[in-house]
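The structure under discussion appears below in the form of C-alpha coordinates.
The values are calculated or read from the model by the stated rules, or taken from the named source; none is laboratory data. Computed from a predicted model, the values in this text were never measured in an experiment. Cβ sites come from the backbone with ideal geometry, for glycine too, and all protein chains shown count toward neighbours.
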Amino acid sequence: MIELEVPLADRSYPVLVGAGARHRLLEVLPVGARRAAVITQSAIGWEVDPGVEHRRFTIGDGEDAKHLGTVEDLCRDLAQWGLTRGDVIVAVGGGVVTDVGGFVAAVYHRGVPVVHVPTTLLGQVDAAIGGKTGVNLPEGKNLVGAFWQPSAVLCDTETLGTLPPREYRSGLGEMAKYAFLGVDDLPDLPLDEAVAACVRLKADVVASDEREGGRRAILNYGHTLAHALETEGAYGLRHGEAVAIGLVYAAEVACRLGRIDGDRVAEHRRVVAGYDLPMHVPGDLDAERVVDLFSRDKKAVAGVTFVLDGRRGVEPVPVDDRALLLDALEACRG
(Lines give C-alpha, C1' and ligand atoms only; values in the text may rest on other atoms or scores of the structure.)
Protein backbone atom coordinates (compact mmCIF):
# COMPACT_ATOMS: atom_id res chain seq x y z
CA MET A 1 0.00 0.00 0.00
CA ILE A 2 1.32 3.43 -0.97
CA GLU A 3 0.42 6.00 1.69
CA LEU A 4 0.38 9.67 0.69
CA GLU A 5 -0.90 12.89 2.25
CA VAL A 6 -2.59 16.02 1.01
CA PRO A 7 -0.86 18.55 3.31
CA LEU A 8 -3.35 21.22 4.40
CA ALA A 9 -2.20 21.97 7.96
CA ASP A 10 -4.92 20.91 10.40
CA ARG A 11 -7.08 19.65 7.48
CA SER A 12 -4.44 17.34 6.01
CA TYR A 13 -5.68 13.90 5.05
CA PRO A 14 -4.30 10.55 3.91
CA VAL A 15 -4.61 9.01 0.45
CA LEU A 16 -4.03 5.26 0.30
CA VAL A 17 -3.24 3.71 -3.08
CA GLY A 18 -3.16 -0.03 -3.74
CA ALA A 19 -5.14 -3.22 -4.11
CA GLY A 20 -7.55 -3.66 -1.20
CA ALA A 21 -7.37 -0.05 0.01
CA ARG A 22 -11.16 -0.03 0.52
CA HIS A 23 -10.73 -2.46 3.41
CA ARG A 24 -8.94 0.27 5.38
CA LEU A 25 -12.14 2.33 5.59
CA LEU A 26 -12.82 1.88 9.31
CA GLU A 27 -9.40 3.16 10.32
CA VAL A 28 -9.78 6.42 8.37
CA LEU A 29 -13.31 7.29 9.53
CA PRO A 30 -13.50 10.45 11.67
CA VAL A 31 -13.21 9.66 15.36
CA GLY A 32 -16.62 9.36 16.99
CA ALA A 33 -18.65 8.85 13.80
CA ARG A 34 -21.66 6.69 14.74
CA ARG A 35 -23.26 6.40 11.33
CA ALA A 36 -22.06 6.31 7.74
CA ALA A 37 -24.17 7.17 4.71
CA VAL A 38 -22.71 5.27 1.76
CA ILE A 39 -23.53 7.15 -1.45
CA THR A 40 -23.02 5.11 -4.61
CA GLN A 41 -24.65 4.00 -7.86
CA SER A 42 -26.46 0.75 -8.61
CA ALA A 43 -23.95 -0.09 -11.34
CA ILE A 44 -21.02 0.06 -8.90
CA GLY A 45 -20.13 -3.52 -8.11
CA TRP A 46 -18.07 -2.81 -5.01
CA GLU A 47 -19.26 -2.83 -1.42
CA VAL A 48 -17.56 -1.26 1.58
CA ASP A 49 -17.91 -1.95 5.29
CA PRO A 50 -17.50 1.22 7.37
CA GLY A 51 -17.57 -0.82 10.57
CA VAL A 52 -20.34 1.37 12.02
CA GLU A 53 -24.09 1.56 11.44
CA HIS A 54 -24.57 2.47 7.79
CA ARG A 55 -27.12 2.74 5.03
CA ARG A 56 -26.66 2.71 1.26
CA PHE A 57 -28.07 5.57 -0.82
CA THR A 58 -27.96 5.29 -4.62
CA ILE A 59 -28.04 7.99 -7.26
CA GLY A 60 -28.70 7.65 -10.98
CA ASP A 61 -26.05 6.34 -13.33
CA GLY A 62 -23.94 8.54 -15.55
CA GLU A 63 -23.34 12.25 -15.86
CA ASP A 64 -27.10 12.88 -15.99
CA ALA A 65 -27.20 12.30 -12.21
CA LYS A 66 -24.99 15.34 -11.54
CA HIS A 67 -27.70 17.94 -10.94
CA LEU A 68 -29.25 19.86 -8.07
CA GLY A 69 -32.27 17.59 -7.94
CA THR A 70 -30.02 14.69 -6.96
CA VAL A 71 -28.46 16.80 -4.21
CA GLU A 72 -31.88 17.72 -2.80
CA ASP A 73 -33.09 14.12 -2.88
CA LEU A 74 -30.00 12.91 -1.03
CA CYS A 75 -30.18 15.64 1.60
CA ARG A 76 -33.83 14.80 2.29
CA ASP A 77 -33.03 11.09 2.53
CA LEU A 78 -30.19 11.80 4.96
CA ALA A 79 -32.42 14.02 7.08
CA GLN A 80 -35.13 11.35 7.23
CA TRP A 81 -32.53 8.79 8.29
CA GLY A 82 -31.22 11.15 10.97
CA LEU A 83 -27.64 11.70 9.81
CA THR A 84 -25.96 14.38 11.94
CA ARG A 85 -22.91 16.56 11.66
CA GLY A 86 -21.08 14.07 13.86
CA ASP A 87 -21.53 11.26 11.35
CA VAL A 88 -19.86 10.69 7.96
CA ILE A 89 -20.64 10.31 4.27
CA VAL A 90 -18.74 7.69 2.26
CA ALA A 91 -18.78 8.20 -1.51
CA VAL A 92 -18.10 4.97 -3.42
CA GLY A 93 -17.86 5.21 -7.20
CA GLY A 94 -16.46 7.30 -10.03
CA GLY A 95 -16.14 11.04 -10.44
CA VAL A 96 -19.91 11.57 -10.59
CA VAL A 97 -20.34 9.94 -7.18
CA THR A 98 -17.46 11.74 -5.47
CA ASP A 99 -18.50 15.09 -6.99
CA VAL A 100 -22.10 14.68 -5.84
CA GLY A 101 -21.28 13.01 -2.53
CA GLY A 102 -18.69 15.66 -1.73
CA PHE A 103 -21.10 18.48 -2.53
CA VAL A 104 -23.82 16.91 -0.37
CA ALA A 105 -21.29 16.63 2.45
CA ALA A 106 -20.38 20.30 2.01
CA VAL A 107 -23.96 21.60 2.22
CA TYR A 108 -25.85 19.12 4.44
CA HIS A 109 -25.95 20.56 7.99
CA ARG A 110 -23.46 23.13 6.62
CA GLY A 111 -20.80 20.46 6.41
CA VAL A 112 -20.28 16.85 7.44
CA PRO A 113 -17.12 14.73 6.98
CA VAL A 114 -16.73 12.71 3.79
CA VAL A 115 -14.45 9.84 2.79
CA HIS A 116 -14.00 9.06 -0.89
CA VAL A 117 -13.54 5.54 -2.25
CA PRO A 118 -13.05 6.16 -5.99
CA THR A 119 -13.56 3.03 -8.08
CA THR A 120 -12.53 4.40 -11.49
CA LEU A 121 -9.13 5.44 -12.80
CA LEU A 122 -10.41 8.94 -13.48
CA GLY A 123 -11.64 9.21 -9.90
CA GLN A 124 -8.42 7.91 -8.40
CA VAL A 125 -6.00 10.15 -10.29
CA ASP A 126 -8.12 13.28 -10.23
CA ALA A 127 -11.77 13.68 -9.24
CA ALA A 128 -11.59 12.37 -5.67
CA ILE A 129 -8.49 14.34 -4.70
CA GLY A 130 -8.40 18.00 -3.75
CA GLY A 131 -11.83 18.88 -2.41
CA LYS A 132 -13.52 20.29 -5.53
CA THR A 133 -17.15 19.19 -5.57
CA GLY A 134 -20.06 20.17 -7.74
CA VAL A 135 -22.93 19.47 -10.07
CA ASN A 136 -23.87 20.59 -13.55
CA LEU A 137 -26.39 23.07 -14.90
CA PRO A 138 -27.82 22.96 -18.42
CA GLU A 139 -25.60 25.99 -19.06
CA GLY A 140 -22.34 24.24 -18.18
CA LYS A 141 -20.29 21.68 -16.28
CA ASN A 142 -19.70 21.96 -12.52
CA LEU A 143 -21.08 25.49 -12.28
CA VAL A 144 -22.56 24.87 -8.81
CA GLY A 145 -20.28 23.44 -6.15
CA ALA A 146 -18.04 23.98 -3.16
CA PHE A 147 -14.53 23.32 -1.93
CA TRP A 148 -14.86 20.60 0.71
CA GLN A 149 -11.85 18.49 1.54
CA PRO A 150 -12.42 14.81 2.40
CA SER A 151 -11.21 13.19 5.61
CA ALA A 152 -9.45 10.49 3.56
CA VAL A 153 -9.31 8.96 0.07
CA LEU A 154 -8.93 5.23 -0.56
CA CYS A 155 -7.76 4.49 -4.11
CA ASP A 156 -8.31 0.74 -4.36
CA THR A 157 -6.61 -0.25 -7.62
CA GLU A 158 -8.28 -3.68 -7.41
CA THR A 159 -11.51 -2.00 -8.53
CA LEU A 160 -9.89 -0.91 -11.80
CA GLY A 161 -9.63 -4.48 -13.04
CA THR A 162 -13.37 -4.70 -13.67
CA LEU A 163 -13.78 -1.42 -15.53
CA PRO A 164 -15.07 -1.61 -19.12
CA PRO A 165 -12.22 -0.80 -21.54
CA ARG A 166 -13.70 2.53 -22.59
CA GLU A 167 -14.20 3.63 -18.97
CA TYR A 168 -10.58 2.74 -18.22
CA ARG A 169 -9.36 4.70 -21.25
CA SER A 170 -11.39 7.67 -20.06
CA GLY A 171 -9.26 7.67 -16.92
CA LEU A 172 -6.16 7.60 -19.07
CA GLY A 173 -7.29 10.93 -20.51
CA GLU A 174 -6.83 12.55 -17.10
CA MET A 175 -3.60 10.61 -16.59
CA ALA A 176 -2.25 11.92 -19.91
CA LYS A 177 -2.71 15.43 -18.54
CA TYR A 178 -0.24 14.71 -15.76
CA ALA A 179 2.41 13.74 -18.30
CA PHE A 180 2.52 17.44 -19.26
CA LEU A 181 2.31 18.74 -15.70
CA GLY A 182 5.55 17.17 -14.52
CA VAL A 183 5.14 13.42 -13.94
CA ASP A 184 8.12 11.85 -15.73
CA ASP A 185 7.95 8.48 -17.52
CA LEU A 186 4.29 8.11 -16.57
CA PRO A 187 3.37 5.55 -19.28
CA ASP A 188 6.17 3.26 -18.07
CA LEU A 189 5.14 3.12 -14.41
CA PRO A 190 3.26 0.15 -12.88
CA LEU A 191 -0.39 0.98 -12.25
CA ASP A 192 -0.18 1.59 -8.48
CA GLU A 193 2.88 3.80 -8.91
CA ALA A 194 1.30 5.69 -11.82
CA VAL A 195 -1.83 6.45 -9.78
CA ALA A 196 0.30 7.46 -6.80
CA ALA A 197 2.48 9.72 -8.96
CA CYS A 198 -0.58 11.59 -10.23
CA VAL A 199 -1.98 11.87 -6.70
CA ARG A 200 1.36 13.11 -5.39
CA LEU A 201 1.54 15.88 -7.97
CA LYS A 202 -2.06 16.91 -7.45
CA ALA A 203 -1.59 16.94 -3.66
CA ASP A 204 1.38 19.28 -4.07
CA VAL A 205 -0.60 21.63 -6.31
CA VAL A 206 -3.65 21.62 -4.01
CA ALA A 207 -1.47 22.32 -0.96
CA SER A 208 -0.02 25.38 -2.69
CA ASP A 209 -3.36 26.73 -3.98
CA GLU A 210 -6.36 25.05 -2.38
CA ARG A 211 -9.08 27.27 -3.86
CA GLU A 212 -7.74 27.72 -7.38
CA GLY A 213 -6.54 31.28 -7.00
CA GLY A 214 -3.47 30.66 -9.12
CA ARG A 215 -1.35 27.54 -9.63
CA ARG A 216 -4.19 25.04 -9.19
CA ALA A 217 -5.68 26.17 -12.48
CA ILE A 218 -3.04 24.07 -14.27
CA LEU A 219 -5.02 20.98 -13.24
CA ASN A 220 -7.62 22.13 -15.79
CA TYR A 221 -5.19 21.54 -18.65
CA GLY A 222 -7.25 20.29 -21.60
CA HIS A 223 -10.53 20.99 -19.82
CA THR A 224 -11.71 24.20 -21.51
CA LEU A 225 -12.60 22.46 -24.75
CA ALA A 226 -13.53 19.28 -22.88
CA HIS A 227 -16.19 21.02 -20.80
CA ALA A 228 -17.58 22.78 -23.86
CA LEU A 229 -17.91 19.45 -25.68
CA GLU A 230 -19.58 17.89 -22.64
CA THR A 231 -21.96 20.83 -22.24
CA GLU A 232 -23.11 20.30 -25.81
CA GLY A 233 -23.77 16.69 -24.86
CA ALA A 234 -24.36 15.53 -28.41
CA TYR A 235 -20.99 14.00 -29.10
CA GLY A 236 -21.14 10.93 -26.85
CA LEU A 237 -17.71 11.58 -25.36
CA ARG A 238 -16.66 10.45 -21.92
CA HIS A 239 -14.88 13.02 -19.77
CA GLY A 240 -11.38 11.64 -20.24
CA GLU A 241 -11.90 11.34 -23.99
CA ALA A 242 -12.96 14.98 -24.13
CA VAL A 243 -9.91 15.97 -22.04
CA ALA A 244 -7.62 14.09 -24.44
CA ILE A 245 -8.99 16.07 -27.39
CA GLY A 246 -8.72 19.19 -25.24
CA LEU A 247 -5.01 18.55 -24.63
CA VAL A 248 -4.30 18.45 -28.36
CA TYR A 249 -6.44 21.53 -28.93
CA ALA A 250 -4.65 23.45 -26.17
CA ALA A 251 -1.34 22.58 -27.83
CA GLU A 252 -2.62 23.89 -31.17
CA VAL A 253 -3.71 27.14 -29.50
CA ALA A 254 -0.36 27.49 -27.72
CA CYS A 255 1.49 26.93 -30.99
CA ARG A 256 -0.48 29.67 -32.72
CA LEU A 257 0.40 32.03 -29.87
CA GLY A 258 4.10 31.23 -30.27
CA ARG A 259 4.32 29.58 -26.87
CA ILE A 260 5.41 26.17 -28.19
CA ASP A 261 6.61 24.80 -31.52
CA GLY A 262 5.32 22.12 -33.84
CA ASP A 263 7.47 19.42 -32.21
CA ARG A 264 5.77 20.02 -28.87
CA VAL A 265 2.34 19.80 -30.54
CA ALA A 266 3.42 16.50 -32.08
CA GLU A 267 4.47 15.31 -28.62
CA HIS A 268 0.95 16.01 -27.33
CA ARG A 269 -0.46 13.96 -30.17
CA ARG A 270 1.98 11.09 -29.47
CA VAL A 271 1.10 10.93 -25.77
CA VAL A 272 -2.64 10.98 -26.46
CA ALA A 273 -2.32 8.37 -29.21
CA GLY A 274 -0.13 6.23 -26.93
CA TYR A 275 -3.05 5.95 -24.51
CA ASP A 276 -5.36 4.97 -27.40
CA LEU A 277 -7.41 8.12 -26.89
CA PRO A 278 -9.20 10.32 -29.46
CA MET A 279 -7.44 13.48 -30.59
CA HIS A 280 -9.88 14.90 -33.16
CA VAL A 281 -12.99 16.97 -32.52
CA PRO A 282 -16.27 15.41 -33.75
CA GLY A 283 -16.88 15.87 -37.47
CA ASP A 284 -20.19 17.67 -36.92
CA LEU A 285 -18.73 20.11 -34.39
CA ASP A 286 -20.38 23.54 -34.36
CA ALA A 287 -17.16 25.49 -33.89
CA GLU A 288 -18.82 28.88 -33.36
CA ARG A 289 -21.08 27.44 -30.65
CA VAL A 290 -18.15 25.74 -28.90
CA VAL A 291 -16.06 28.93 -28.85
CA ASP A 292 -19.06 30.76 -27.37
CA LEU A 293 -19.14 28.19 -24.56
CA PHE A 294 -15.51 28.90 -23.62
CA SER A 295 -16.63 32.08 -21.86
CA ARG A 296 -18.74 30.00 -19.42
CA ASP A 297 -15.74 28.04 -18.21
CA LYS A 298 -15.00 28.53 -14.50
CA LYS A 299 -11.53 29.91 -15.31
CA ALA A 300 -13.13 32.70 -17.38
CA VAL A 301 -13.04 35.84 -15.22
CA ALA A 302 -12.49 38.54 -17.85
CA GLY A 303 -12.93 36.92 -21.23
CA VAL A 304 -11.69 33.48 -22.23
CA THR A 305 -8.85 31.90 -20.24
CA PHE A 306 -7.02 28.77 -21.33
CA VAL A 307 -4.43 26.66 -19.57
CA LEU A 308 -1.59 26.46 -22.08
CA ASP A 309 1.86 24.95 -22.38
CA GLY A 310 4.88 27.21 -22.80
CA ARG A 311 8.53 27.78 -21.98
CA ARG A 312 7.69 28.29 -18.30
CA GLY A 313 5.47 25.23 -18.27
CA VAL A 314 1.68 25.00 -18.18
CA GLU A 315 -0.10 28.15 -16.98
CA PRO A 316 -3.37 30.11 -17.39
CA VAL A 317 -3.37 32.45 -20.38
CA PRO A 318 -6.11 34.91 -21.49
CA VAL A 319 -6.96 34.45 -25.17
CA ASP A 320 -9.14 37.03 -26.94
CA ASP A 321 -8.45 36.11 -30.58
CA ARG A 322 -11.61 34.32 -31.72
CA ALA A 323 -10.23 33.66 -35.21
CA LEU A 324 -7.21 31.93 -33.67
CA LEU A 325 -9.44 29.71 -31.52
CA LEU A 326 -11.53 28.74 -34.53
CA ASP A 327 -8.45 28.01 -36.61
CA ALA A 328 -7.04 25.74 -33.88
CA LEU A 329 -10.35 23.84 -33.86
CA GLU A 330 -10.07 23.27 -37.60
CA ALA A 331 -6.58 21.81 -37.03
CA CYS A 332 -8.18 19.28 -34.67
CA ARG A 333 -10.73 17.98 -37.14
CA GLY A 334 -10.11 14.41 -38.32
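Is it the case that some residue within the range 86-102 is in contact (Cβ under 8 Å) with a residue 40 or more places away in the chain, over 17 Å from the mean Cα position of the chain (by Cα) and more than 28 Å from GLY171 (Cα to Cα)? Yes, the range 86-102 has at least one match. Could you figure out which of (1) at positive phi; (2) surrounded by fewer than 15 Cβ atoms within 10 Å (Cβ to Cβ) isn't true of ALA79? All conditions are met except number (1). The set of residues in the range 23-54 being in contact with a helix residue (DSSP H, G or I) (Cβ under 6 Å, 6 or more places away or on another chain) and surrounded by fewer than 17 Cβ atoms within 10 Å (Cβ to Cβ) consists of TRP46, GLY51.
Screening the range 240-334 for helices (runs of 4 or more DSSP H) wholly inside it with 3 or more residues that are among the aromatic types (Phe, Trp, Tyr) and within 22 Å of GLU167 (Cα to Cα) returns no ranges. Can you find a residue in the range 214-226 that is among the small types (Gly, Ala, Ser), modelled with pLDDT of 95 or more, under 17 Å from the mean Cα position of the chain (by Cα) and in a loop (DSSP other than H, G, I, E, B)? Scanning the range 214-226, I find at least one residue that is among the small types (Gly, Ala, Ser), modelled with pLDDT of 95 or more, under 17 Å from the mean Cα position of the chain (by Cα) and in a loop (DSSP other than H, G, I, E, B), so the answer is yes. Among the residues making up the range 289-310, those that are of a type outside the set (A, V, I, L, M, F, W, C) and modelled with pLDDT under 95 are ARG289, ASP292, SER295, ARG296, ASP297, LYS298, LYS299, GLY303, THR305. If you check VAL272 against the conditions, is it over 19 Å from ARG311 (Cβ atoms), among the β-branched types (Val, Ile, Thr) and modelled with pLDDT of 95 or more? When the stated conditions are applied, VAL272 passes them. So is ALA9 surrounded by fewer than 19 Cβ atoms within 10 Å (Cβ to Cβ) and either touching a residue at least 40 places away in the same chain (Cβ under 8 Å) or over 19 Å from the mean Cα position of the chain (by Cα) (or both) or not? Answer is yes for this residue. Of the residues making up the range 149-165, those that are part of a loop (DSSP other than H, G, I, E, B) and over 18 Å from ALA33 (Cα atoms) are ASP156, LEU163, PRO164.
Exactly one residue among VAL206, VAL195 is crowded, with 24+ Cβ neighbours inside 10 Å and part of a helix (DSSP H, G or I), and that residue is VAL195. Contact map, the range 37-58: first residue closer than 12 Å to LEU74 by Cα, second residue assigned to a loop (DSSP other than H, G, I, E, B) and not acidic (Asp, Glu), Cβ cut-off under 8 Å, separation 6 or more or different chains; pairs are ALA37/LEU83; VAL38/VAL48; VAL38/PRO50; THR58/SER42.
Of the residues GLU330, GLU267, GLU232, GLU252, the single one that is among the acidic types (Asp, Glu), modelled with pLDDT of 95 or more and touching a Leu at 6+ places or on another chain (Cβ under 9 Å) is GLU252.
Inclusion of GLY145 among residues that are touching a residue at least 40 places away in the same chain (Cβ under 8 Å), farther than 19 Å from GLU3 by Cα and part of a loop (DSSP other than H, G, I, E, B) is not warranted. Just so you know, in the range 85-131 the residues that are touching a Lys or Arg at 6+ places or on another chain (Cβ under 7 Å) and within 18 Å of ILE44 (Cα to Cα) include one that is surrounded by the most Cβ atoms within 10 Å (Cβ to Cβ), and it is VAL117. Can we say LEU137 is surrounded by fewer than 21 Cβ atoms within 10 Å (Cβ to Cβ), of a type in the set (A, V, I, L, M, F, W, C) and in contact with a strand residue (DSSP E or B) (Cβ under 7 Å, 6 or more places away or on another chain)? Yes, satisfied.
If I filter the range 86-99 for residues that are part of a helix (DSSP H, G or I), in contact with a strand residue (DSSP E or B) (Cβ under 7 Å, 6 or more places away or on another chain), under 16 Å from GLU63 (Cβ atoms) and among the β-branched types (Val, Ile, Thr), do I get at least one hit? Among the residues of the range 86-99, at least one is part of a helix (DSSP H, G or I), in contact with a strand residue (DSSP E or B) (Cβ under 7 Å, 6 or more places away or on another chain), under 16 Å from GLU63 (Cβ atoms) and among the β-branched types (Val, Ile, Thr), which makes the answer yes. Evaluating ARG110 against the criteria (1) among the charged types (D, E, K, R); (2) more than 30 Å from LEU181 (Cα to Cα); (3) at pLDDT below 95 leaves one unmet condition, (3). So which residues in the range 48-76 are part of a helix (DSSP H, G or I) and of a type in the set (A, V, I, L, M), if there are any at all? Listed by number, the residues that qualify are ALA65, LEU68, VAL71, LEU74. Taking every residue in the range 150-169 that is outside the structural domain of GLY102 (by TED's automatic domain parsing) and buried (at least 17 other Cβ atoms within 10 Å of the Cβ) and pairing it with any residue that is part of a strand (DSSP E or B) and not hydroxyl-bearing (Ser, Thr, Tyr), at least 6 positions away or on another chain, yields no pair with a Cβ-Cβ distance below 6 Å.
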